[in-house]
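See structure below.
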Amino acid sequence: MKITSVEAIPVAIPLNHPLKMAVATVHQRDSIIVRIRTDQGLVGLGEVVIATYFAGETQAGAKAAIDLLLGPALVGLEIFDINSILQLMDKVLYGNPATKAGLDMALHDLQAQALNMPLYKLLGGKVRDRVNSTWAISATDPASAIEEAMLGIKQGFKAIKIKVGVAPLLQDIECIHAVRNAVGNEVHLRADANQAWSPNLAIQFLNKVEDCRLQFIEQPVRRDDLDGMAKVSRAVSTPVAPDEGLFDAKDAICYIRHNAADGVVMKLIKAGGIVGCRNLAAVVQAANLGLHLGGMPGQTSISAAAEVHLAVSLPWLNWDAGIYPHSIQRDVVSEPLQPVDGAYLPPEKPGLGVELDEKALALCRMDQ
């Protein structure tokens with residue numbers, strides 16, 4: 001089965017609530033919906049989740065990369081030759097992992113459809129029936145943080161992630177304590193600093209919230225400060241996990257050699273898709289580190305479905321997931337994924353198990 005066309009559709013997906021981070025405030029997610037058609041009539045879907053502040057890719061750049069470089073290179077290729085396709089994409093265009101992740105998703109969607117099975121079966125089958133996800137909050141005062149956290153608790157979420165690094169350090173510390181007291185001890189609590197601090201400030205923060213038993217903290221220092229990450233990891237009991245600083249399996253080897261990570265935040269947009277994530281997960285498992293599969297607030301059910309299929313099939317996922325279609329005002333598929341008690345189940349239809357809703361897509365398109 002050969003590829004006949006590759007389409008890149010720019011969309012804007014509004015969030016339910018602004019996401020405030022140390023590096024940016026996001027009101028909508030500008031992404032690319034990928035649609036790959038074949039000579040046997042199958043259509044594969046993927047999503048390029050754009051986060052310029054995070055991965056350096058832009059919506060216009062991703063669309064140009066697909067329209068002018070990657071798409072033409074893929075036309076005529078066999079959908080099951082994914083390893084050679086990934087090698088070809090790396091030869092045609094350096095980097096751009098989020099863009100390549102969208103194409104990787106669509107290829108996996110096509111493969112599983114061609115075999116008439118849900119994607120998780122193509123990936124080796126389930127090792128868990130569902131994947132627990134995360135409720136993210138970014139309020140900077142304790143009262144608002146409690147209010148936002150309880151919205152997630154009422155919907156059954158068992159993990160809360162708090163964005164820190166925007167407000168003064170003492171205020172962040174107050175928010176962590178307030179939320180922990182409000183949600184109780186059975187809920188996983190995580191903090192995400194998005195590179196906000198120096199190593200010393202990160203250590204100060206983590207020592208002050210040690211009694212709150214954070215499951216882990218994401219990227220407390222600059223993405224390029226490997227020594228700083230190692231310093232924080234040695235000094236505190238809270239597990240330290242790189243996000244912006246670690247994209248793929250090669251990066252993981254560097255962190256392991258430097259003893260600079262207690263776990264890893266893995267994302268499709270960083271590793272270049274499902275193949276890259278599985279390679280990274282194998283390294284993390286071999287090193288006996290924590291593993292969290294992260295999504296991006298503002299993502300649609302397309303990339304979320306890919307993440308859920310991957311998550312239920314991964315042998316090692318001890319820090320659960322952060323999959324976020326519940327963060328958006330509108331979706332682009334006919335049956336959006338919905339969390340059940342804070343967890344997502346993989347669709348059972350062939351492939352990703354989601355289909356574009358053309359009317360819903362039209363409301364989000366930026367090229368019409």
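Which value, in debye to the nearest 20, gives the size of the charge dipole of the chain about its Cα centre, when Lys and Arg are +1 and Asp and Glu are -1 at the Cβ?
Details: 33 positive and 40 negative charges, 74 e Å.
That gives the chain a dipole magnitude of about 360 debye.
Near residue 118, once Lys and Arg are set to +1 and Asp and Glu to -1 for all other residues with Cβ below 10 Å from its Cβ, the sum equals +2. The local environment of residue 40, defined by Cβ-Cβ distances under 12 Å, has a net charge of 0 under the rule Lys, Arg +1 and Asp, Glu -1. Remark: spin-label model distance residue 64-residue 330 equals 2.8 nm, labels positioned 7 Å along the Cα→Cβ axis.
For the chain, what's the relative contact order in percent, using C-alpha pairs closer than 8 Å and at least 6 residues apart?
Values: 874 pairs, mean separation 74.2, N = 368.
Worked out over the chain, it gives 20 percent.
Quick check on the chain: helices-only [θ] at 222 nm, where DSSP H runs of length 4 and up contribute -39,500 (n - 2.57) each and the sum goes over total residues. Nearest 500, please. Could you put the intermediate results ahead of the total?
Numbers: 15 runs with 141 residues, N = 368.
Dividing the helical sum by the residues of the chain leaves -11000 deg cm²/dmol.
Across segment 11-21, coupling constants 3J(HN,Hα) worked out from phi with the 6.51/-1.76/1.60 Karplus curve, θ = phi - 60°, read 9, 10, 10, x, 7, 5, 9, x, 9, 9, 10 Hz, and Gly and Pro carry x.
Highest mean first, what order results for 259-271, 178-190 on Cβ atoms within 10 Å? If you can, show how the numbers build up before the last one.
Details: 259-271: 24.8, 178-190: 16.8.
So the order, starting with the most tightly packed, is 259-271, 178-190.
Expressed as an acute angle from 0 to 90° and rounded to the nearest 10, what is the orientation of the C-alpha long axis of helix 82-92 relative to the principal long axis of the chain? Rounded to the nearest ten degrees, it is 80. Note the angle between two axes, namely the Cα long axis of helix 97-114 and the longest principal axis of the Cα atoms of the chain, as a number of degrees from 0 to 90, rounded to the nearest 10. Once rounded, the angle reads 50 degrees.
Dipole size in debye (nearest 20) for segment 1-101 around its Cα centre, Lys and Arg Cβ +1, Asp and Glu Cβ -1?
Working: 8 positive and 9 negative charges, 43 e Å.
With Lys and Arg at +1 and Asp and Glu at -1, about 200 debye.
Taking every DSSP bridge with both residues inside the chain, close to 60 percent are antiparallel. Between residue 150 and residue 87, full extension at 0.36 nm per residue minus the direct alpha carbon distance yields a gain of 18.1 nm.
If you bin all the Cα-Cα distances of the chain at 20 Å, starting from zero, the percentages per bin are 31, 59, 10.
Taking amide H atoms as placed 1.01 Å from N in the peptide plane, the amide H of residue 4 lies under 5 Å from those of 37, 38, 39, 76, each 5 or more residues away in sequence or on another chain. A Förster radius of 45 Å combined with the Cβ-Cβ distance from residue 17 to residue 115 puts the calculated FRET efficiency at roughly 0.70. What net charge is computed for the residues neighbouring residue 348, neighbours being all others with C-beta under 14 Å from the C-beta of residue 348, Lys and Arg scored +1, Asp and Glu -1? So the surrounding residues net to +1.
How far, in degrees from 0 to 90, does helix 199-208 lean away from the longest principal axis of the Cα atoms of the chain, to the nearest 10? Helix 199-208 and the main axis of the chain meet at about 70 degrees.
Throughout, read-outs are computed from the coordinates displayed, never taken from laboratory work. Here the structure is a predicted model, which is why all the values come from computation and not from measurement. We place every Cβ from the backbone using ideal geometry, glycine too, and count neighbours over all the protein chains shown.
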